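Below: one structure, written as structure tokens.
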Amino acid sequence: MQRLPFEVTTTNASADRKLSVPGLFRVFQDAAILDAENIGYNSYKTLGKGLLWVFSRVYVRFESMPEYLSNAVFETRPGPRKAFFFPRYAKVVSEEGKTLARISSIWALIHEDTRKIEMHPELDSVDQLEGDELELPGRVVSAPVSFHSRRTIKYSDLDINGHLNNVRYIEMLMDLHDVEFHKTHEIKELLIQYESEIKPGETVELMVDESLSYAKGVVDDRIAFEANMKFAPKNA
């Protein structure tokens, strides 16, 4: 298990002075890569072989977010591999030991040349489960949609894999609601399913249902990602 202490600062806080959802995903990326190194999935076995870690699905259940300038710990551990996919679990814990958010996720390895999912024989299955993990993410539940907005991917949107950073997807989803909504509501659940990578220069069309609880990103008639979101009034 990887334990990564972090502070909520101006770089990862939202307008309500708490850890932002994109900020949470940034911490998750760092902690997951550190833990992968610790359990033997080092860069020689991945990047050295032309293999890139990518999210397949992520499910987050929020209790509350740590406050600005507070300290918290991000804990993550791997689950047993399932064919080509690598489950990973995580949680955010406050200084007082309270669990603030739980995460379950499924990762995969793609080859940087073919961009197809691969299984590497040097990566053994690892099981560090403790029994209190959040259930693995299922499939996103779709709904009828209409056009909301579009975004063309620029250089600053890219990650080290050369495609749209997964944090940018989360930013797009959070921006579906306006500032006034976020002042009175907080996210309680998020399920995102990454279907295909989005490359520089491509334009994503965001399609949403009437309640903004389902969204999908479409690039040239292909679905790039889908998501379900649940919000609740603050202090409810």
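Values quoted throughout were computed directly from the atomic coordinates according to the rules given, and no laboratory measurement underlies them. Please read all numbers here as calculations on a predicted model, not as lab measurements. Every residue, glycine as well, gets a Cβ built from its backbone with ideal geometry; the counts of neighbours run over all protein chains shown.
Some notes on this structure:
- Farthest toward positive dipole pole in segment 142-236 [+1 Lys/Arg, -1 Asp/Glu at C-beta], among Ile223, Pro233, Thr203: Pro233
- FRET efficiency for the Leu176 to Thr99 pair, using the beta carbon distance and R₀ = 22 Å, is estimated at 0.25.
- With R₀ set to 41 Å, the beta-carbon distance separating Phe147 from Thr11 gives a calculated FRET efficiency near 0.80.
- For a modelled paramagnetic label at Arg139, 7 Å from Cα along Cα-to-Cβ, the residues of segment 148-191 in reach, with backbone nitrogen under 19 Å, are 191.
- Environment charge of Val145, counting only residues whose C-beta is closer than 11 Å and scoring Lys/Arg +1, Asp/Glu -1: -3
- Inter-label distance, nm, simple model (7 Å from Cα along the C-beta direction), Glu189/Lys82: 1.7
- Entries of Lys18/Lys183; Lys49/Lys91; Lys98/Lys183; Lys82/Lys116; Lys82/Lys188 with Cα pairs more than 21 Å apart: Lys49/Lys91; Lys98/Lys183; Lys82/Lys188
- Sequence-distant contacts, meaning Cα pairs under 8 Å at least 6 residues apart, place the relative contact order of segment 33-185 at 21 percent.
- The label-point distance for Leu212 and Ile39, in a model that sets each label 7 Å from Cα toward Cβ, rounds to 3.7 nm.
- Straight-distance crosslink candidates among aspartates and glutamates, where the alpha carbon sits under 19 Å from Lys230 and sequence neighbours closer than 8 are dropped: Asp16, Glu63, Glu135, Glu171, Asp175, Asp178, Glu180, Glu186, Glu189, Asp209, Glu210
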